[in-house]
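> Dumping the structure here so I can ask a few things about it.
The values are calculated or read from the model by the stated rules, or taken from the named source; none is laboratory data. Note that the coordinates shown come from a computational prediction; the quantities given were computed from them, not determined experimentally. Cβ atoms come from the backbone with ideal geometry, glycine included; neighbour counts cover every protein chain shown.
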Amino acid sequence: MEVQLNRRNENGVEVLDVSGELDIYTSPKLRTAIQDVLAGGRSRVVVNLLHTTYLDSTALSVLTSALKQARDAGGTVALVYNQPQIEKIFTITGLHEVFPVFRTEPEAVTAARSWTAGASRS
């Protein structure tokens, strides 16, 4: 399955909507999209995974690398998901403690607007 990415700006926060499967074949598309956001000087990023049906270790690596880069730039990468299968992956890996995680996009965008250098969680 192909992944679909949509990038948009919500009140000064870059939002990446991800639909489909994120795996070894499709994760480079996400990496490129996040790199474009960060290269454009935006360090407050919300990755909306509400329509993501699957992700593997490659996707986790892409997200973790993006988080480090965003934090180095004074921002962070927040995730939005509510599907049990996605939540399980982040819980098993412990990454739910590393990323700011939200159930809805409006919550994530509101929190992202208030992030300052060094802030990582809501």
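> Just the residues that are touching a residue at least 24 places away in the same chain (Cβ under 8 Å) and closer than 12 Å to residue 49 by Cα, please, taken from the stretch 68-88. Steps first, answer last, please.
Start the filter on the stretch 68-88 by keeping residues that are touching a residue at least 24 places away in the same chain (Cβ under 8 Å), which leaves 69-71, 73-83, 85-86.
The answer is 78, 79, 80, 81, 82, 83, 85, 86.
> Somewhere in the stretch 10-23, is a residue surrounded by fewer than 16 Cβ atoms within 10 Å (Cβ to Cβ), under 17 Å from residue 98 (Cβ atoms) and not hydrophobic (A, V, I, L, M, F, W, C)?
Within the stretch 10-23 (the criterion being surrounded by fewer than 16 Cβ atoms within 10 Å (Cβ to Cβ), under 17 Å from residue 98 (Cβ atoms) and not hydrophobic (A, V, I, L, M, F, W, C)), the answer is no, since none of the residues qualifies.
> If residue 76 passes every condition in (1) loosely packed, with under 13 Cβ neighbours inside 10 Å; (2) hydroxyl-bearing (Ser, Thr, Tyr); (3) in contact with a helix residue (DSSP H, G or I) (Cβ under 6 Å, 6 or more places away or on another chain) but one, which one does it miss?
(1)
Results for (1) touching an Asp or Glu at 6+ places or on another chain (Cβ under 9 Å); (2) surrounded by 13 or more Cβ atoms within 10 Å (Cβ to Cβ), shown as yes or no for each residue.
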position: 46; (1), (2): yes, yes
position: 52; (1), (2): yes, yes
position: 55; (1), (2): yes, yes
position: 66; (1), (2): no, yes
position: 80; (1), (2): yes, yes
position: 95; (1), (2): no, yes
position: 114; (1), (2): no, no
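> Sticking with this one: Hey, among the residues in the stretch 83-122 that are modelled with pLDDT of 95 or more and among the hydroxyl-bearing types (Ser, Thr, Tyr), which one's nearest to residue 42 (Cα to Cα)?
Applying the filter and picking the extreme gives 104.
> Just name the residue that is nearest to the chain's Cα centre (by Cα) out of those in the stretch 32-74 that are among the small types (Gly, Ala, Ser) and within 23 Å of residue 91 (Cα to Cα). Before the answer, list the steps.
Residues of the stretch 32-74 among the small types (Gly, Ala, Ser): 33, 39-41, 43, 57, 59, 61, 65-66, 70, 73-74.
Still in the list and also within 23 Å of residue 91 (Cα to Cα): 57, 59, 61, 65-66, 70.
On the way: 57: 14, 59: 10, 61: 11, 65: 11, 66: 8, 70: 11 Å.
Among residues in the stretch 32-74 that are among the small types (Gly, Ala, Ser) and within 23 Å of residue 91 (Cα to Cα), the one nearest to the chain's Cα centre (by Cα) is 66.
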